[in-house]
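Please read the structure below before turning to the comments.
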Amino acid sequence: MRELRARMERLTAAAALMDELATEWSTREYAGRADEGRITATVDAVGTLRALDIHPLSMRRLDGRALAEAVLKAVRRAEAAAEAAKEEMLRGGLEAAGVPHVAGLLGDARRAFGERASPEGAERL
(Lines give C-alpha, C1' and ligand atoms only; values in the text may rest on other atoms or scores of the structure.)
Protein backbone atom coordinates (compact mmCIF):
# COMPACT_ATOMS: atom_id res chain seq x y z
CA MET A 1 0.00 0.00 0.00
CA ARG A 2 2.86 2.35 0.80
CA GLU A 3 4.40 1.71 -2.63
CA LEU A 4 1.11 2.46 -4.34
CA ARG A 5 0.77 5.71 -2.42
CA ALA A 6 4.32 6.70 -3.38
CA ARG A 7 3.57 6.00 -7.05
CA MET A 8 0.42 8.08 -6.89
CA GLU A 9 2.33 10.96 -5.34
CA ARG A 10 4.96 10.74 -8.10
CA LEU A 11 2.27 10.72 -10.77
CA THR A 12 0.52 13.70 -9.17
CA ALA A 13 3.81 15.59 -9.05
CA ALA A 14 4.49 14.59 -12.67
CA ALA A 15 1.09 15.91 -13.74
CA ALA A 16 1.70 19.24 -11.99
CA LEU A 17 5.15 19.54 -13.55
CA MET A 18 3.82 18.68 -17.01
CA ASP A 19 1.12 21.31 -16.61
CA GLU A 20 3.75 23.96 -15.81
CA LEU A 21 5.95 22.87 -18.70
CA ALA A 22 3.02 22.81 -21.14
CA THR A 23 2.02 26.32 -20.12
CA GLU A 24 5.57 27.55 -20.67
CA TRP A 25 5.85 25.73 -24.02
CA SER A 26 2.52 27.05 -25.28
CA THR A 27 3.53 30.69 -24.77
CA ARG A 28 6.73 30.43 -26.83
CA GLU A 29 7.27 31.14 -30.50
CA TYR A 30 9.56 29.15 -32.77
CA ALA A 31 11.47 30.35 -35.83
CA GLY A 32 12.64 28.67 -39.00
CA ARG A 33 14.88 30.19 -41.64
CA ALA A 34 15.56 29.70 -45.33
CA ASP A 35 17.44 31.39 -48.18
CA GLU A 36 20.58 31.86 -46.09
CA GLY A 37 18.55 33.34 -43.23
CA ARG A 38 16.87 36.01 -45.34
CA ILE A 39 13.43 34.43 -44.90
CA THR A 40 12.19 33.85 -41.36
CA ALA A 41 8.92 32.21 -40.38
CA THR A 42 7.69 32.32 -36.80
CA VAL A 43 5.04 29.94 -35.49
CA ASP A 44 3.39 29.45 -32.14
CA ALA A 45 3.57 26.22 -30.16
CA VAL A 46 0.92 24.46 -32.24
CA GLY A 47 2.38 25.56 -35.58
CA THR A 48 0.17 28.54 -36.42
CA LEU A 49 2.09 31.05 -38.51
CA ARG A 50 2.55 34.23 -36.47
CA ALA A 51 5.03 36.16 -38.63
CA LEU A 52 6.82 35.93 -41.93
CA ASP A 53 9.79 38.15 -42.72
CA ILE A 54 11.18 38.20 -46.25
CA HIS A 55 14.28 40.26 -46.93
CA PRO A 56 13.96 42.43 -50.06
CA LEU A 57 17.00 40.70 -51.55
CA SER A 58 15.14 37.38 -51.50
CA MET A 59 12.20 38.94 -53.32
CA ARG A 60 14.49 40.33 -56.02
CA ARG A 61 16.75 37.33 -56.32
CA LEU A 62 14.23 34.48 -56.32
CA ASP A 63 11.51 33.85 -58.89
CA GLY A 64 7.97 33.16 -57.66
CA ARG A 65 8.35 29.39 -57.42
CA ALA A 66 11.72 29.53 -55.64
CA LEU A 67 10.41 32.18 -53.24
CA ALA A 68 7.36 30.04 -52.42
CA GLU A 69 9.57 26.99 -51.81
CA ALA A 70 11.87 29.00 -49.54
CA VAL A 71 8.90 30.33 -47.56
CA LEU A 72 7.53 26.80 -47.15
CA LYS A 73 10.95 25.57 -46.05
CA ALA A 74 11.15 28.30 -43.39
CA VAL A 75 7.63 27.48 -42.14
CA ARG A 76 8.36 23.75 -42.01
CA ARG A 77 11.56 24.38 -40.08
CA ALA A 78 9.68 26.56 -37.59
CA GLU A 79 7.02 23.86 -37.19
CA ALA A 80 9.76 21.27 -36.67
CA ALA A 81 11.33 23.47 -33.98
CA ALA A 82 7.98 23.70 -32.18
CA GLU A 83 7.52 19.92 -32.41
CA ALA A 84 11.06 19.29 -31.14
CA ALA A 85 10.45 21.63 -28.21
CA LYS A 86 7.24 19.74 -27.38
CA GLU A 87 9.03 16.39 -27.48
CA GLU A 88 11.83 17.73 -25.28
CA MET A 89 9.29 19.18 -22.85
CA LEU A 90 7.45 15.86 -22.61
CA ARG A 91 10.59 13.79 -22.23
CA GLY A 92 12.21 16.16 -19.75
CA GLY A 93 9.08 16.50 -17.66
CA LEU A 94 8.52 12.78 -17.45
CA GLU A 95 12.15 12.08 -16.60
CA ALA A 96 12.19 14.83 -13.96
CA ALA A 97 9.05 13.35 -12.46
CA GLY A 98 10.75 9.98 -12.16
CA VAL A 99 8.77 8.19 -14.85
CA PRO A 100 11.27 8.03 -17.76
CA HIS A 101 9.84 4.73 -18.99
CA VAL A 102 6.65 6.57 -19.96
CA ALA A 103 8.70 8.96 -22.12
CA GLY A 104 10.19 5.96 -23.93
CA LEU A 105 6.75 4.47 -24.48
CA LEU A 106 5.45 7.77 -25.88
CA GLY A 107 8.40 7.99 -28.26
CA ASP A 108 7.86 4.42 -29.43
CA ALA A 109 4.15 5.06 -29.98
CA ARG A 110 4.83 8.23 -31.97
CA ARG A 111 7.37 6.48 -34.18
CA ALA A 112 5.01 3.59 -34.83
CA PHE A 113 2.17 5.96 -35.67
CA GLY A 114 4.44 8.00 -37.95
CA GLU A 115 5.55 4.90 -39.80
CA ARG A 116 1.97 3.80 -40.35
CA ALA A 117 0.76 7.27 -41.30
CA SER A 118 3.53 8.01 -43.80
CA PRO A 119 3.19 6.95 -47.45
CA GLU A 120 6.34 4.87 -47.09
CA GLY A 121 4.84 3.09 -44.07
CA ALA A 122 1.63 2.46 -46.00
CA GLU A 123 3.58 0.64 -48.70
CA ARG A 124 4.98 -1.76 -46.08
CA LEU A 125 1.55 -2.70 -44.69
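The values are calculated or read from the model by the stated rules, or taken from the named source; none is laboratory data. In this text, all values refer to a predicted model and were calculated from it rather than measured experimentally. We work out accessible area using only protein heavy atoms, side chains counted, and drop any ligands, DNA or RNA first. Shrake-Rupley method; radii C 1.70, N 1.55, O 1.52, S 1.80 Å.
Seen through its C-alpha gyration tensor, with square-root eigenvalues sorted a ≥ b ≥ c, region 1-76 comes out prolate because a/c lies at 1.5 or above while a/b is bigger than b/c.
Each residue of region 67-77 was assigned a 3J(HN,Hα) from its phi angle through the Karplus curve 6.51 cos²θ - 1.76 cosθ + 1.60 (θ = phi - 60°); the sequence is 5, 4, 5, 5, 4, 4, 4, 5, 5, 4, 5 Hz, with glycine and proline shown as x.
Taking every protein chain into account, the 1.4 Å probe leaves L49 with about 90 Å² of accessible area, to the nearest ten.
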